[in-house]
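Novice: Supplied in structure tokens, the structure appears directly below.
Nothing in this text is a laboratory measurement; each read-out follows from the coordinates by a stated rule. Everything numeric here is computed off the predicted structure, so don't read it as measured data. Backbone-built Cβ (ideal geometry, glycine too); neighbour counts: all protein chains shown.
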Amino acid sequence: MDINQLIQTIAIYSLPVLFAITLHEAAHGYVARHFGDMTAYAQGRVSLNPVRHIDLVGTIAVPLVILLVSGGKFLFGWAKPVPVNYSALRRPRPHMAWVAAAGPGANLIMALGWAVLLKLAVLLPVSEYSEPMGRMAEAGVRVNLIFMFLNLLPILPLDGGRILASLLPGRMAWQYARLEPWGLPLLLILLATNVLDAVLTPLMVFSAALIHQFVLL
């Protein structure tokens, strides 16, 4: 990838990545507040302002490096984790499932929003504005779908793991929660062995096909 392609890739993906990660975290805080936990709200984390959620390494450096190394096929990153006080939730187990699901849900909503923008870019006459808008919208769809499907994997500390832990019976949930320290190493192994790619690619292809049909309507 030459320097011009590098600059274009950063310009196109920067906003989609920034909002995909930070609004994902804000959604956790918003739903936690809804169910009685004011921790994130008290720290100013229930906000649409990305600055409140940015982690310089996880939100900016790591996603861009992975994006460039993988040629846009994979993306991973994180924002400052939103603090959630499990015991402050009115019904901790079921409400924690909703708090965890809020992040991927926000990514789904953003993916649909970028799809609408992509359709608008297709409908507009080709110009110096519509083409970059369309490429950024495509990136926004892709980024948010990757984050949604990745976070829904049933591996702690990912959101899918939190959801599963909240749905399991008490003793099984406790035993499952003990596996959390092994979650990140497991995720890295799955990434290094291309197992993660084999799992996510069919989901991405199917979702992209649905969105493509929407854009062409």
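Novice: Taking the criterion of being among the basic types (Lys, Arg), within 16 Å of the chain's Cα centre (by Cα) and within 29 Å of Val46 (Cβ to Cβ), would at least one residue in segment 74-90 satisfy it?
Specialist: Yes, segment 74-90 has at least one match.
Novice: Another question about this same structure. With Ala115, Ala121, Ala106, Ala111 as the choices, which residue is in contact with a Leu (Cβ under 6 Å, 6 or more places away or on another chain), touching a residue at least 12 places away in the same chain (Cβ under 8 Å), within 22 Å of Gln213 (Cβ to Cβ) and surrounded by 14 or more Cβ atoms within 10 Å (Cβ to Cβ)?
Specialist: Of the residues listed, the single one that is in contact with a Leu (Cβ under 6 Å, 6 or more places away or on another chain), touching a residue at least 12 places away in the same chain (Cβ under 8 Å), within 22 Å of Gln213 (Cβ to Cβ) and surrounded by 14 or more Cβ atoms within 10 Å (Cβ to Cβ) is Ala111.
Novice: Moving on. Could you please give the count of residues in segment 168-183 that are surrounded by 14 or more Cβ atoms within 10 Å (Cβ to Cβ) and assigned to a helix (DSSP H, G or I)?
Specialist: Residues that pass the stated criteria total 5.
Novice: Please verify whether segment 63-73 includes one or more residues that are farther than 30 Å from Ala208 by Cβ and out of contact with any His (no Cβ under 6 Å at 6 or more places or on another chain).
Specialist: no
Novice: Turning to a different aspect of this structure: For Ile146, indicate whether it is hydrophobic (A, V, I, L, M, F, W, C), outside any loop (DSSP other than H, G, I, E, B), under 17 Å from Leu15 (Cβ atoms) and out of contact with any Gly (no Cβ under 6 Å at 6 or more places or on another chain).
Specialist: Yes; evaluated as a whole, the condition is true for this residue.
Novice: What's the number of the condition Leu158 fails, among (1) over 16 Å from Ala27 (Cβ atoms); (2) crowded, with 18+ Cβ neighbours inside 10 Å?
Specialist: Failed condition: (1).
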